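For reference, the structure is listed below as structure tokens.
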2 protein chains.
Amino acid sequence: MNDYQFKLAKLHGEFVWHSHADTDEVFIVIDGAMTLEFRDKTIPLVAGEMYVVPKGVEHRPVALQECCVMLVEPRGVVNTGDAGGIYTAQNNVWV
Amino acid sequence: MNDYQFKLAKLHGEFVWHSHADTDEVFIVIDGAMTLEFRDKTIPLVAGEMYVVPKGVEHRPVALQECCVMLVEPRGVVNTGDAGGIYTAQNNVWV
């Protein structure tokens with residue numbers, strides 16, 4: 001939509017700590033449950049809930065069991081933000 | 001998120017034909033069912049489905065029974081677009 005993308009992802013396990021310097025990031029949980037860990041708090045989310053991670057704030061998504069989420073963010077945002085590494089996913093894989 | 005808003009709305013009945021000259025508009029159906037009418041097609045949507053109305057394209061949301069939706073669009077977009085009228089809603093009513 002405009003210059004934004006809606007990305008479907010399956011999470012399982014602990015992701016890397018990272019932040020996105022230039023954009024907020026929306027998590028919408030489609031199925032299952034997850035937590036968004038911040039340095040100062042932990043936000044539990046279940047299907048039907050959403051959360052906006054503010055620009056520049058370090059966070060780590062954690063899913064004890066497989067969790068389906070939809071992310072909303074500007075085109076081109078890298079999933080691992082400033083952290084990089086083996087969890088970095090390819091963008092623009094259309095479903 | 002950034003300069004975008006996620007708006008919750010309940011639809012019931014036939015809305016006005018309108019378009020948004022400057023932005024796409026995302027409909028995500030939370031509960032119930034609705035149709036998005038275009039001049040050349042009709043898109044049925046049920047809970048869990050989403051649709052992106054392209055910028056500048058005339059459309060009319062129709063819900064035979066009450067339907068809960070989440071809209072994603074830039075801050076300040078008017079719900080009735082270019083049409084105005086009695087269905088124009090106040091923006092920035094926070095829940």
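Rounded to the nearest whole Hz, the Karplus-based 3J(HN,Hα) values (6.51 cos²θ - 1.76 cosθ + 1.60, θ = phi - 60°) of the stretch B:2-13 follow the sequence 6, 9, 10, 10, 10, 10, 8, 9, 9, 10, 7, x, with x at glycine and proline.
Pairs of Lys residues in the protein assembly as shown that lie 8 or more places apart, or on two chains, and have C-alpha atoms under 20 angstrom apart add up to 5. The other copies place their A:Asp22 label points at 2.3 nm from this one, listed shortest first, where each point is 7 Å from Cα along Cα→Cβ. Backbone amide hydrogens, once placed in the peptide plane, bring A:Ala83 within less than 5 Å of A:Ser19, excluding anything fewer than 5 places away on its chain. Close amide H contacts of B:Ala47 (hydrogens built in the peptide plane, cut-off under 5 Å, sequence separation of 5 or more or a different chain): B:Gly32. The chymotrypsin sites (Phe, Trp or Tyr not before Pro) of the stretch B:8-95 that meet both conditions, a loop assignment by DSSP and at most 12 other Cβ atoms within 10 Å of the site Cβ, are B:Trp94. Each residue of the stretch B:89-95 is assigned a 3J(HN,Hα), and the resulting list reads 9, 6, 8, 6, 9, 8, 10 Hz, derived from the Karplus form 6.51 cos²θ - 1.76 cosθ + 1.60 (θ = phi - 60°), x at Gly and Pro.
Computed on chain B, with alpha-carbon pairs under 8 angstrom and 6+ residues apart, the relative contact order is 41 percent.
Among the residues of A:18-24, the average count of other protein chain beta-carbon atoms within 10 Å of the residue beta-carbon is 1. Couplings 3J(HN,Hα) for the stretch B:51-64, derived from phi with the Karplus relation 6.51 cos²θ - 1.76 cosθ + 1.60 (θ = phi - 60°), are 8, 9, 7, x, 3, x, 9, 5, 8, 9, x, 9, 10, 5 Hz, where x marks Gly and Pro.
Among the trypsin sites (Lys or Arg not before Pro) within the stretch B:6-62, those in coil by DSSP and having at most 11 neighbouring Cβ atoms inside 10 Å are B:Arg39, B:Lys41. Based on every Cα atom in chain B, Rg and the maximum pairwise Cα distance Dmax equal 12.3, 35 Å.
Since every read-out is calculated from the coordinates, none of them should be taken as a lab result. Everything quoted here is computed from the prediction, not taken from an experiment. Cβ sites come from the backbone with ideal geometry, for glycine too, and all protein chains shown count toward neighbours.
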